[in-house]
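**Student:** There's a structure below that I have some questions on.
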Amino acid sequence: MANILVIDDERSIRNTLKDILEYEDHKVFLAENGTLGIESFQKDKIDLVLCDIKMPEMDGIEVLEKITELNNDVPVVMISGHGNIETAVESIKKGAYDFISKPLDLNRLLVTVKNALERTDLVQETKRLKKKISRKYDIIGESGAIVKVKDMISKVAPTDARVLITGGNGSGKELVARWLHDQSNRSSGPFVEVNCAAIPSELIESELFGHEKGAFTSAIKQRKGKFEQAEGGTIFLDEIGDMSLAAQAKVLRALQENKISRVGSDKDIHVDVRILAATNKDLKTEIEEKKFREDLYHRLSVILIHVPALNDRKEDIPLLVGHFNELICGEYGQPKKVITPDAIKALQDINWTGNIREFRNVVERLIILCDKQITGKDVEAFAAPISK
């Protein structure tokens, strides 16, 4: 059942629509002019608006503009007895979901209402999922070290500057990369992640730059690489310190010329991507040992962001506990656990060599194994022995 607002200056039309929609189990609100319609829209939780175009004082287009300004997620279906192509086009341009001419076709009306409400459900579900995903990638903390990282992100994200993110395993380098993308002018484009450490050296070039059919034995068809997939967006080269020297040379060319060539082809392909890279290695040491190209390092490190270890910001642990408690319990569909002060203290006493990744796993373990309350003894029993 949905709340539907009908705005029309003809009483017979209002009553007819009310009877039809209530028969379909919807709750109907009626307004005889635009002013009353907007008042009802602001007061009642409306899911769909049916609005006449030709009305005294305030016409339907003005009502549409005001409703769209108030909440553009609510679909508005325009109705008119003076229907023509120009009016319909203007309505759609102003944000209307659809346009129906009088006399009303009952089947057309009900189909339009059904589709509009499904669209509303889809918009709300998409927002819910986006919120869930964004919360998954939150950078939690108020310590000086984390505030410094967030400030750096806010300054660098709107630019196209290349960024090298450093930090230990599990410290949150991917979160920084995602924040840089989400706050950039490329946020509507793709975010393509490549784990350079997980791809065999003989396959890394094909993975990054793609290949032509027949380029090697298993190349049974043409394939776009990660650089092409990231067109207009961001490519994140995680653990770039593990990339082979041959692949490094090709990445360097892509950075210098904004061009790539697929394996098995001599044709250049222009790419428009922002490059973010991350590593848990000391690249300067890798350069001295001839394992990493110095020219590539300087190309990647226009901006350097270091993600601190959890051991260096233990004052953030209470916030992190609360965040993961809510997130994980939400995923499992259960009430949040009560975390006692001695449990927080016990968690702060642990040496977190695995950083945030290890910490999240421990919190999840505690949530699964403990009852409604997590105490210091629970932490000692289920967390500390595994972490030491």
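The values are calculated or read from the model by the stated rules, or taken from the named source; none is laboratory data. Since the model is a prediction, treat every value here as computed from it, not as a measurement. Every residue, glycine as well, gets a Cβ built from its backbone with ideal geometry; the counts of neighbours run over all protein chains shown.
**Student:** Can you find a residue in region 208-217 that is touching a Gly at 6+ places or on another chain (Cβ under 8 Å), assigned by TED's automatic domain parsing to the domain that holds Leu237, at negative phi and aliphatic (A, V, I, L, M)?
**Tutor:** Within region 208-217 (the criterion being touching a Gly at 6+ places or on another chain (Cβ under 8 Å), assigned by TED's automatic domain parsing to the domain that holds Leu237, at negative phi and aliphatic (A, V, I, L, M)), the answer is yes, since at least one residue qualifies.
**Student:** Tell me whether region 294-315 contains one or more residues that are among the hydroxyl-bearing types (Ser, Thr, Tyr), within 25 Å of the chain's Cα centre (by Cα) and either part of a helix (DSSP H, G or I) or more than 30 Å from Gly241 (Cα to Cα) (or both). Steps first, please.
**Tutor:** Let us first name the residues in region 294-315 that are among the hydroxyl-bearing types (Ser, Thr, Tyr), namely 297, 301.
From the residues that got through so far, the ones that are within 25 Å of the chain's Cα centre (by Cα) too are none.
The answer is no; no qualifying residue exists.
**Student:** Right, here's the next one. Against the condition under 28 Å from Asn258 (Cα atoms), touching a Gly at 6+ places or on another chain (Cβ under 9 Å) and at pLDDT below 95, how does Ile305 come out, does it pass? Before you say what the answer is, go through the steps one by one.
**Tutor:** Values: under 28 Å from Asn258 (Cα atoms): yes; touching a Gly at 6+ places or on another chain (Cβ under 9 Å): yes; at pLDDT below 95: no.
When the stated conditions are applied, Ile305 does not pass them.
Residue by residue, here is whether (1) loosely packed, with under 13 Cβ neighbours inside 10 Å; (2) not assigned by TED's automatic domain parsing to the domain that holds Glu125; (3) not small (Gly, Ala, Ser) holds:
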site: Leu30; (1), (2), (3): no, no, yes
site: Gly37; (1), (2), (3): no, no, no
site: Lys45; (1), (2), (3): yes, no, yes
site: Val63; (1), (2), (3): no, no, yes
site: Ile67; (1), (2), (3): no, no, yes
site: Ser91; (1), (2), (3): no, no, no
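**Student:** Here's a follow-up. Could you please give the count of residues in region 257-293 that are more than 24 Å from His181 (Cα to Cα) and either touching a residue at least 60 places away in the same chain (Cβ under 8 Å) or part of a strand (DSSP E or B) (or both)?
**Tutor:** 1
**Student:** Which condition breaks for Val338 when tested against (1) over 24 Å from the mean Cα position of the chain (by Cα); (2) crowded, with 19+ Cβ neighbours inside 10 Å; (3) farther than 21 Å from Gly168 by Cα?
**Tutor:** Checking Val338 against (1) over 24 Å from the mean Cα position of the chain (by Cα); (2) crowded, with 19+ Cβ neighbours inside 10 Å; (3) farther than 21 Å from Gly168 by Cα, the one that fails is (2).
**Student:** Out of everything in region 162-197 that is part of a loop (DSSP other than H, G, I, E, B) and among the hydrophobic types (A, V, I, L, M, F, W, C), what residue ends up being modelled with the highest pLDDT?
**Tutor:** Cys196
**Student:** Does region 143-152 contain at least one residue that is part of a loop (DSSP other than H, G, I, E, B), touching a Gly at 6+ places or on another chain (Cβ under 9 Å) and polar (S, T, N, Q)? Break it down stepwise before answering.
**Tutor:** Taking region 143-152 first, the residues part of a loop (DSSP other than H, G, I, E, B) are 143.
Still in the running and touching a Gly at 6+ places or on another chain (Cβ under 9 Å): none.
No, region 143-152 contains no residue that is part of a loop (DSSP other than H, G, I, E, B), touching a Gly at 6+ places or on another chain (Cβ under 9 Å) and polar (S, T, N, Q).
**Student:** Here's another thing I want to ask about it. Just to verify a result, which residue in region 175-210, among those that are under 19 Å from the mean Cα position of the chain (by Cα) and surrounded by fewer than 19 Cβ atoms within 10 Å (Cβ to Cβ), is farthest from Ser265 (Cα to Cα)?
**Tutor:** Taking region 175-210 first, the residues under 19 Å from the mean Cα position of the chain (by Cα) are 175-194.
Applying the additional criterion that residues be surrounded by fewer than 19 Cβ atoms within 10 Å (Cβ to Cβ) yields 182-183, 185, 187-190, 193.
On the way: Asp182: 34, Gln183: 35, Asn185: 32, Ser187: 31, Ser188: 30, Gly189: 27, Pro190: 25, Glu193: 24 Å.
Only one residue tops the list, namely Gln183.
**Student:** Then there's this: Has region 226-243 got at least one residue that is more than 16 Å from His298 (Cα to Cα), modelled with pLDDT under 90 and not in a helix (DSSP H, G or I)?
**Tutor:** There is no residue in region 226-243 that is more than 16 Å from His298 (Cα to Cα), modelled with pLDDT under 90 and not in a helix (DSSP H, G or I).
**Student:** Another question, if that's okay. I'd like to check something: does region 201-208 contain any residue that is closer than 21 Å to Asn280 by Cβ, of a type outside the set (Val, Ile, Thr) and not in a helix (DSSP H, G or I)? Talk me through it step by step, then tell me what you get.
**Tutor:** Taking region 201-208 as the starting set, the residues that turn out to be closer than 21 Å to Asn280 by Cβ are 201, 204, 207-208.
Subset that is of a type outside the set (Val, Ile, Thr): 201, 207-208.
Among the residues that remain, those that are also not in a helix (DSSP H, G or I) are: 201.
Yes, because at least one residue in region 201-208 is closer than 21 Å to Asn280 by Cβ, of a type outside the set (Val, Ile, Thr) and not in a helix (DSSP H, G or I).
**Student:** With the requirement that a residue be small (Gly, Ala, Ser), farther than 20 Å from Ala254 by Cα and either buried (at least 19 other Cβ atoms within 10 Å of the Cβ) or touching a residue at least 12 places away in the same chain (Cβ under 8 Å) (or both), what does region 216-240 give you?
**Tutor:** The first filter runs over region 216-240 and keeps only residues small (Gly, Ala, Ser), leaving 218-219, 225, 230, 232-233.
After this cut, where a residue has to be farther than 20 Å from Ala254 by Cα as well, the list is 218-219.
Passing the criteria: only Ala219.
**Student:** Moving on to the next point. Condition first: farther than 25 Å from Ala161 by Cα and part of a strand (DSSP E or B). Can you find one or more residues in region 209-225 that meet it?
**Tutor:** At the first step, the residues of region 209-225 found to be farther than 25 Å from Ala161 by Cα are 211-223.
Pick out the ones that are also part of a strand (DSSP E or B) and you get 211, 223.
Looking for residues that are farther than 25 Å from Ala161 by Cα and part of a strand (DSSP E or B), one finds at least one in region 209-225, hence yes.
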